[in-house]
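Take a look at the structure below.
The values are calculated or read from the model by the stated rules, or taken from the named source; none is laboratory data. This is a predicted model, so every value here is computed, not measured. Backbone-built Cβ (ideal geometry, glycine too); neighbour counts: all protein chains shown.
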Amino acid sequence: MTASNPLRAQIPAEGITVIGEALRRVVPESAEIVAEITASAPGAAQALRDCQTKTTQVGQALAPLGVQAADVQTISLGAVGLYSGAVPVLGQYAGMPQIGAGGIPGFPSGSTLVPEVQVSAYHARNTLRINVREPGRVGEVVDAVIRAGATVVGRFSFRAADEGTARRAALEAAGRDARAKAEALATASGRQIGEPIYVAEEIIASNGAYAALHSALPFAFGAGAPPAVGELEYYARVSASFRFQ
């Protein structure tokens, strides 16, 4: 019994199947950071006001770094009560409700209730999306955010001005690479290829994913140029089948 090859089913009776690859690198034009601001107070209104005050302080700290007011956006804001005590229950969980006369539920005479739950404080949280127009200053922005009393949540990401164009360019280049390989192999066999009868995208990786995959599986992605630090990567891999003329 032999292992099955998913590409074998796409190979025409008289033809060839190839894999094309392409990598496009783009200099990022902006970066994005997610930060969280928290505040606690006896009342919800005060907690929200304190949270807003800290948000204003973060914005003031970022202004000298080129981060404008429109670049700091709230994506989540809320307040929750912090409770003390326990939920009211029957004392010692002793008697369960009994059905009294006339079908009206009643409680055993010896049961007692735990005092009602009280709200001890309110906790407000404001989650911000911060757009950094100068990617090279991301480190400075992170430092300023932390000094202003906020917390950076997760990883920050870099972005291209037109990611769709970069992805399409990588796909088109991978398609051209597949056809060039097919033509070279057909010529070596003394044949010519016709129109493709099957083309499929297999992998699209961006924002450094190609470099990570290439590092983990170097023999699966071909040689390629070493990744440049600070650049976004858009990698496309397609398979294509051509019938011989």
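Is it the case that ARG155 is modelled with pLDDT of 90 or more, basic (Lys, Arg) and assigned by TED's automatic domain parsing to the domain that holds GLU36?
On the way: modelled with pLDDT of 90 or more: no; basic (Lys, Arg): yes; assigned by TED's automatic domain parsing to the domain that holds GLU36: yes.
So ARG155 does not fit the description; no.
Go through the stretch 123-155 and report how many residues are under 23 Å from GLY78 (Cα atoms) and outside any helix (DSSP H, G or I).
The qualifying residues number 17.
For the stretch 43-80, which residues satisfy the criterion of being among the polar types (S, T, N, Q) and either closer than 26 Å to VAL138 by Cα or outside the structural domain of ALA150 (by TED's automatic domain parsing) (or both)?
The first filter runs over the stretch 43-80 and keeps only residues among the polar types (S, T, N, Q), leaving 46, 52-53, 55-57, 60, 68, 73-74, 76.
Correct list: GLN52, THR53, THR55, THR56, GLN57, GLN60, GLN68, GLN73, THR74, SER76.
Answer yes or no as to whether ALA148 is assigned by TED's automatic domain parsing to the domain that holds ALA61 and either out of contact with any Gly (no Cβ under 6 Å at 6 or more places or on another chain) or in contact (Cβ under 8 Å) with a residue 24 or more places away in the chain (or both).
It is true that ALA148 is assigned by TED's automatic domain parsing to the domain that holds ALA61 and either out of contact with any Gly (no Cβ under 6 Å at 6 or more places or on another chain) or in contact (Cβ under 8 Å) with a residue 24 or more places away in the chain (or both).
Condition first: modelled with pLDDT of 85 or more and among the β-branched types (Val, Ile, Thr). Now tell me which residues in the stretch 62-88 satisfy that.
Matches in the stretch 62-88: VAL67, VAL72, THR74, ILE75, VAL80.
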